[in-house]
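The values are calculated or read from the model by the stated rules, or taken from the named source; none is laboratory data. What you are looking at is a predicted structure, and each value in this text was computed from that prediction instead of being measured. Because the Cβ atoms are built from the backbone with ideal geometry, glycine has one as well, and the counts that use them run over all protein chains shown. What goes into the accessible areas is simple: the full protein's heavy atoms, side chains included, and nothing from ligands, DNA or RNA. Shrake-Rupley method; radii C 1.70, N 1.55, O 1.52, S 1.80 Å.
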Amino acid sequence: MNDHGTSTTTPARASTAAWRNAVLVLFALGGVAVSTWGPRLPSIRQSLDIGDGAIGLALAGVTVGSIAGLAASSALLAGLGNRRAVLGALGAGAAGVALVGVAAGLLQSLPLTAVGFVLVGFGIGAVDVMINVEGAAVEKAAARTLMPLMHAGWSAGAIAGAGIGAACAALDVDFAWQFLAEAVLIAVAASVAVAFLPQATAVAEEAAKPPVRERVRAWASGWRESRLLLIGLVMLGVELGEGTANSWLTLAVHDGHGQPQTIAPLFFVAFAAGETVARVCGGPLVDRIGRVRTVRVTTALGVVGLVLFIAGGPGWVVLVGTVLWAVGVSMGFPLGMSAAADSGPNPAARVSVVASIGYLANLGGPPLVGALSDRLGILGALWLVVALLVVGFAAAGALRAPRAAQRA
């Protein structure tokens, strides 16, 4: 058994394929959940009769919940096992989506909407850790590089979620009923997918781990290591870019570029599609030119894309900027996780350090962008993302594989 609550016994090829497919579905469901509210944010704002700053405060609930979910994920795996823990986390996220729909659409209650975002954040934060653990385990069992593909599954789910939002907006479907239907979809699909995960005896594995004090000490020591912090800077830029797109891209297209509510969500569909394609193609690209060059090429394209998006002009310019923005944020997170894992001993603690930075940027960035947009406008606030992508470009050298791995 490994130290993540997943069996290390390699299943037969058919079982491994079923396991891989189940993890892909779970990644996709996470993408559906996190893309639910972004395409309908103009309608949510109108229903609650609030401004961007208040929306940003409500979205801060996602950050608060995700931090709690990240902290609770290990204990949930230990106490419940991987199947029940993953199902419970996705169930919490689905319940949060439903609550946001009811609170914002039917009750017009901002406080209750914020509570729904907290619940969504908890579910997403917890399940993101769990499915990355499962993804790493199935990658090891399959003896193939699968993590970029797994994250492409998340992006594909975001395409589905954004497509649902765009279609419902075009058909004038109230977002409350859309969110309720998506919550049911997530819960049902998760209950089917987890049945294909190998059953883990996480409680016994937790007992075999080093004492909690030692694990906390190993995690804290990672925050003093310059290479991990540089990897974290890369992830800070790309995850802020992705989280900002998830929450604000549709509203930026609507408010900043004058696209109607029926068209604006389609730009987020294009974003999610661009990110998915980039991640599917990313594995061979990394094998050819390495992590550092891959991240520098993609982040440079992301900077160009955001500048085009902010500058605006004809719709096709904004669309090209949107796609390049998606490419720019596509590879930093999966490659940063891999780089952290092979940067030294205690890979789990190292991954936790950079993942914490990435999650904080992805989920904490949108409220900050909302606060800036009250002063600078939504397009002006996006210059923060541009600046941090430039920082990530400069810090990408930290993702270089160890020499032993390069020789292998």
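Here ALA94 meets the list (1) surrounded by fewer than 24 Cβ atoms within 10 Å (Cβ to Cβ); (2) closer than 21 Å to ALA166 by Cα almost entirely, failing just condition (1). Restricting ALA167, ALA181 to residues that are of a type in the set (Gly, Ala, Ser), surrounded by fewer than 19 Cβ atoms within 10 Å (Cβ to Cβ) and closer than 18 Å to LEU119 by Cβ narrows the list to ALA181. What pairs can you find where one residue is in segment 291-308 and more than 26 Å from ALA341 (Cβ to Cβ), the other is of a type in the set (Phe, Trp, Tyr) and part of a helix (DSSP H, G or I), and their Cβ atoms are less than 8 Å apart, with a gap of 6+ or different chains? If the second residue must be of a type in the set (Phe, Trp, Tyr) and part of a helix (DSSP H, G or I), the pairs left are VAL303/PHE393; GLY305/TRP325; LEU306/TRP325. Take VAL320 and decide whether it is open to solvent by 20 Å² or more (accessible area, probe 1.4 Å), hydrophobic (A, V, I, L, M, F, W, C), under 25 Å from PRO148 (Cβ atoms) and at pLDDT 80 or above. For VAL320, the condition - open to solvent by 20 Å² or more (accessible area, probe 1.4 Å), hydrophobic (A, V, I, L, M, F, W, C), under 25 Å from PRO148 (Cβ atoms) and at pLDDT 80 or above - is met.
Checking the condition part of a helix (DSSP H, G or I), open to solvent by 10 Å² or more (accessible area, probe 1.4 Å) and either at pLDDT 85 or above or closer than 28 Å to VAL280 by Cα (or both), which residue from VAL234, VAL216, VAL192, VAL173 passes? Even if it seems obvious, please write down each step before you answer.
Numbers: VAL234 fails: open to solvent by 10 Å² or more (accessible area, probe 1.4 Å); VAL216 fails: either at pLDDT 85 or above or closer than 28 Å to VAL280 by Cα (or both); VAL173 fails: part of a helix (DSSP H, G or I).
So the residue among VAL234, VAL216, VAL192, VAL173 that is part of a helix (DSSP H, G or I), open to solvent by 10 Å² or more (accessible area, probe 1.4 Å) and either at pLDDT 85 or above or closer than 28 Å to VAL280 by Cα (or both) is VAL192.
Here PRO260 meets the list (1) within 17 Å of PRO42 (Cβ to Cβ); (2) in a helix (DSSP H, G or I); (3) open to solvent by 10 Å² or more (accessible area, probe 1.4 Å) almost entirely, failing just condition (2). Filtering segment 1-24 to residues that are at pLDDT 80 or above and either under 18 Å from SER73 (Cα atoms) or surrounded by fewer than 20 Cβ atoms within 10 Å (Cβ to Cβ) (or both) leaves SER15, THR16, ALA17, ALA18, ASN21, VAL23.
Among the residues that make up segment 362-384, is at least one of them among the charged types (D, E, K, R), buried (at least 24 other Cβ atoms within 10 Å of the Cβ) and part of a helix (DSSP H, G or I)?
No, every residue in segment 362-384 fails to be among the charged types (D, E, K, R), buried (at least 24 other Cβ atoms within 10 Å of the Cβ) and part of a helix (DSSP H, G or I).
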